[in-house]
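Contents: one structure, followed by commentary.
The values are calculated or read from the model by the stated rules, or taken from the named source; none is laboratory data. Keep in mind that this is a model prediction, so the values were computed, not measured. Note: ideal-geometry Cβ built from the backbone for every residue, glycine included; neighbour counts use all protein chains shown. The protein model used for the area step is the full one, side chains on, heavy atoms only, and it has no ligands, DNA or RNA in it. Shrake-Rupley method; radii C 1.70, N 1.55, O 1.52, S 1.80 Å.
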Amino acid sequence: PLDDFFFSPDYRFLIGAARASDQGVVVNLSEGIEVVNLTLAGMPHLGSGISWMRGDDRVLATPHLREGMISVIDMNTWTLVKTIKTDGPGFFMRSHENSPYVWADVFFGPNKDKLHVIDKQTLEIVKTLDPEPGKTVAHVEFTKDGKYALVSIWEDDGAVIIYDAATLQEVKRLPM
């Protein structure tokens with residue numbers, strides 16, 4: 001049984017994964033047929049996956065809950081483009097159409113205070129942020145125009161940290 005899903009933007013395809021498997025399956029929902037199986041070890045968190053245009057191709061990226069990696073999949077050919085090694089398993093990924101970057105947390109493990117910023121075209125980590133050493137950093141959201149990224153510190157004495165999404169510099173910190 002599949003228990004985590006990602007839908008293509010047109011809802012024509014579904015990619016799903018199961019907790020007890022290292023396989024993902026792509027299903028053509030219009031035709032009701034399985035298109036391909038992908039090897040996706042480390043339990044991909046497809047529900048937190050995102051997609052964007054990389055050159056002329058739409059790609060999907062998903063963090064993994066059990067391994068420090070992000071899988072990037074070409075949505076035209078349903079093949080793995082790249083596995084990006086991270087400082088630990090992640091939970092959330094976010095981007096904005098006006099941003100050249102993907103923001104991915106390292107939610108689990110000893111590096112839970114890290115946040116990777118990845119170039120959408122090169123698929124390389126351009127910066128690793130450490131906004132509050134020792135505290136869990138997660139769940140980036142963007143302002144409507146994409147100018148600012150809002151980062152959560154998930155602690156009792158947490159904060160919302162506002163970053164300039166272009167320069168990756170902290171602008172303001174709101175205690176929460």
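Could you list, bin by bin from short to long, the percent of Cα-Cα pairs of the range 1-89 in 10 Å steps?
Answer for the range 1-89: a P(r) of 18, 55, 25, 2 percent.
Among A18, I50, T79, whose Cα sits farthest toward the positive end of the charge dipole of the range 1-83 (+1 at Cβ of Lys/Arg, -1 at Cβ of Asp/Glu, about the Cα centre)?
Highest projection toward the positive end goes to I50.
Summarise the accessible area of the range 118-170 (1.4 Å probe, protein heavy atoms) by the percent that is carbon and sulfur. Please report the intermediate quantities before stating the final value.
Working: 1330 of 2640 Å².
Ligands and nucleic acids excluded, carbon and sulfur give 51 percent.
Given a 1.4 angstrom probe, I'd like the percentage of the accessible area of the range 1-86 that is carbon and sulfur, rounded to a whole number. If you can, show how the numbers build up before the last one.
Numbers: 2120 of 4190 Å².
For the range 1-86, the apolar C and S fraction of the accessible surface comes to 51 percent.
So what is the accessible area of the range 130-176 per residue, in Å², with the probe set to 1.4 Å? Intermediate results must be reported in sequence, preceding the final value.
On the way: 2620 Å² over 47 residues.
That works out to 56 Å² per residue.
For the chain, what does the relative contact order come out to in percent, with C-alpha contacts under 8 Å and a separation of six or more?
Details: 457 pairs, mean separation 18.7, N = 176.
It comes to 11 percent, rounded to a whole number.
Would you check the chain for Lys pairs whose C-alpha atoms are within less than 13 Å, ignoring same-chain pairs closer than 8 in sequence, and give me the count? It would help to have the intermediate numbers written out before the result.
Values: K82/K120; K112/K135; K114/K127; K114/K135.
Taking the chain as the scope, the lysine pair count is 4.
I'd like to check one number: the per residue accessible area of the range 41-109, probe 1.4 Å, reported in Å² as a whole number.
Working: 2690 Å² over 69 residues.
Counting only protein heavy atoms, the per-residue value for the range 41-109 is 39 Å².
Taking loop as defined by DSSP and a crowding limit of 10 other beta carbons within 10 Å, which trypsin sites (Lys or Arg not before Pro) in the range 85-176 fit? Show your work: numbers first, answer last.
Numbers: sites: K85, R94, K112, K114, K120, K127, K135, K144, K147, K172, R173; in loops: K112, K114, K120, K135, K144, K147.
Listed in order of number, the matching sites are K144.
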